[in-house]
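Here's the structure we're looking at; comments come further down.
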Amino acid sequence: MEVVSVSFDLLRTFLAVYRSGSVTRAAGLLALSQPAVTAHIKALEQALERPLFDRAPRGMVPTAAADQLARRIAVPLDSLEELVAGDLGDPAEVFGRAVHLGGPAELICARVLPCLAPMISGGLQLRVTLGLPDQLLGALADGALDLAISTLRPRRRGLRVEPLCDEEFVLVAAPTWDRDGLERAPLIAYGENLPILRRYWRTVFDTRLTRTPAVVVPDLRGVLAAVVAGAGVTVLPRYLCATELADGRLRTLLEPELPPINTLFLVSRSGVQHPAATAVHDHLLLQGRTW
């Protein structure tokens, strides 16, 4: 790409839009109005004599020229932002420093936040959104999130999808229940249609589960609490109930040779990310191998 003299403000705005995928999100990060951000992008495109973004219904999609520009300017701009923040003595003012991360509530609380605690104590700012895959991936595409953990592999353009970890599912109950009583034990479920239980029954027992759940709690931590108290049986990710299994408050009713598993994915927008988001991304991928 030909070198053109443009202002720091235009490049800073470009990088914010590029990383967030959204004029609205970039405006919030930079404390500018949306018209000002749009004007900056248009001015930069005119100076470079080429389009940098395709305007899509769900945000700004970078062109090949934008990818090339971002690769060239990201490191020096980030270094300058760090220098300015250090001089001002207020690192919280560096745009984009807070990493916006979304994921399922149970995994975020049980695994992700403890995993990121050392980074947070070292200065990382984190903003967490809890939700279901469609909601989180929509927020990622709109620029409201930097990273998302999804229980489903997304098929959206412009997203980078990487396996994070596998969660193993186990059939569990309080010690008062055993496998012989499985047919009469109340089912404690995450959803009315028994989403996790049905899959376990189909995979392990090779049969379709048609029973009605006794309790439906749209949070696996609530399912866990009910089962520990003796309300019935359920299927949970092993990581979520490892402590209760270890101390005897829960027991596994079956140990199949090939237990059902589900792969979780770490999803980000394609292209150059802010260093803080990259650090969180890399740390999660590394630690996820041990989950």
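From I108, I149, grab the single residue that is under 25 Å from S22 (Cβ atoms), at pLDDT 95 or above and part of a helix (DSSP H, G or I).
Details: I149 fails: part of a helix (DSSP H, G or I).
On inspection, the qualifying residue turns out to be I108.
Among the residues that make up the range 180-191, is at least one of them surrounded by fewer than 17 Cβ atoms within 10 Å (Cβ to Cβ), touching a residue at least 12 places away in the same chain (Cβ under 8 Å), closer than 18 Å to E255 by Cα and not polar (S, T, N, Q)? Quick ask: steps written out before the conclusion?
Our first condition is that a residue be surrounded by fewer than 17 Cβ atoms within 10 Å (Cβ to Cβ); within the range 180-191, this holds for 180-184, 191.
Among the residues that remain, those that are also touching a residue at least 12 places away in the same chain (Cβ under 8 Å) are: 182, 191.
Next cut, closer than 18 Å to E255 by Cα only: 182.
Adding the requirement that they be not polar (S, T, N, Q) leaves 182.
Yes - at least one qualifying residue is present in the range 180-191.
Across the range 39-57, what is the total count of residues that are under 31 Å from the mean Cα position of the chain (by Cα) and either touching a residue at least 12 places away in the same chain (Cβ under 8 Å) or buried (at least 16 other Cβ atoms within 10 Å of the Cβ) (or both)? Please lay out each step first, then the result.
Looking only at the range 39-57, we keep the residues that are under 31 Å from the mean Cα position of the chain (by Cα), and these are 40-41, 51-57.
Now narrow it down to the ones that are either touching a residue at least 12 places away in the same chain (Cβ under 8 Å) or buried (at least 16 other Cβ atoms within 10 Å of the Cβ) (or both): 40-41, 51-53.
The number of residues fulfilling the criteria is 5.
Scanning for something touching a His at 6+ places or on another chain (Cβ under 7 Å) and in the same structural domain as W291 (by TED's automatic domain parsing), does the range 260-268 turn up at least one residue? First the steps, then the outcome.
Initial filter on the range 260-268 (touching a His at 6+ places or on another chain (Cβ under 7 Å)): 266, 268.
Keeping just the survivors that are in the same structural domain as W291 (by TED's automatic domain parsing) gives 266, 268.
Yes, the conditions are met somewhere in the range 260-268.
Any residue at all in the range 173-188 that is closer than 19 Å to T263 by Cα and out of contact with any Asp or Glu (no Cβ under 6 Å at 6 or more places or on another chain)? Walk me through it before giving the result.
To start, the set of residues in the range 173-188 that are closer than 19 Å to T263 by Cα comprises none.
No, because not a single residue in the range 173-188 is closer than 19 Å to T263 by Cα and out of contact with any Asp or Glu (no Cβ under 6 Å at 6 or more places or on another chain).
For G232, state whether it is touching a helix residue (DSSP H, G or I) at 6+ places or on another chain (Cβ under 8 Å) and either under 30 Å from S22 (Cβ atoms) or free of Cβ contacts under 8 Å to residues at least 24 places away in the same chain (or both).
Considered against the rule, which asks whether it is touching a helix residue (DSSP H, G or I) at 6+ places or on another chain (Cβ under 8 Å) and either under 30 Å from S22 (Cβ atoms) or free of Cβ contacts under 8 Å to residues at least 24 places away in the same chain (or both), G232 comes out as no.
Would you check if there is a residue in the range 240-248 being touching a strand residue (DSSP E or B) at 6+ places or on another chain (Cβ under 6 Å) and either free of Cβ contacts under 8 Å to residues at least 12 places away in the same chain or more than 23 Å from I149 (Cβ to Cβ) (or both)?
Checked the range 240-248: no residue is touching a strand residue (DSSP E or B) at 6+ places or on another chain (Cβ under 6 Å) and either free of Cβ contacts under 8 Å to residues at least 12 places away in the same chain or more than 23 Å from I149 (Cβ to Cβ) (or both).
Kindly check whether there is at least one residue in the range 11-30 that is over 28 Å from the mean Cα position of the chain (by Cα), hydroxyl-bearing (S, T, Y) and part of a loop (DSSP other than H, G, I, E, B).
As a first pass, look at the range 11-30 and keep what is over 28 Å from the mean Cα position of the chain (by Cα): none.
The answer is no, given that none of the residues of the range 11-30 is over 28 Å from the mean Cα position of the chain (by Cα), hydroxyl-bearing (S, T, Y) and part of a loop (DSSP other than H, G, I, E, B).
The values are calculated or read from the model by the stated rules, or taken from the named source; none is laboratory data. Because the structure is predicted, anything quoted here is derived from the model rather than measured. Here Cβ is always computed from backbone atoms with ideal geometry, including for glycine, and neighbour counts include all displayed protein chains.
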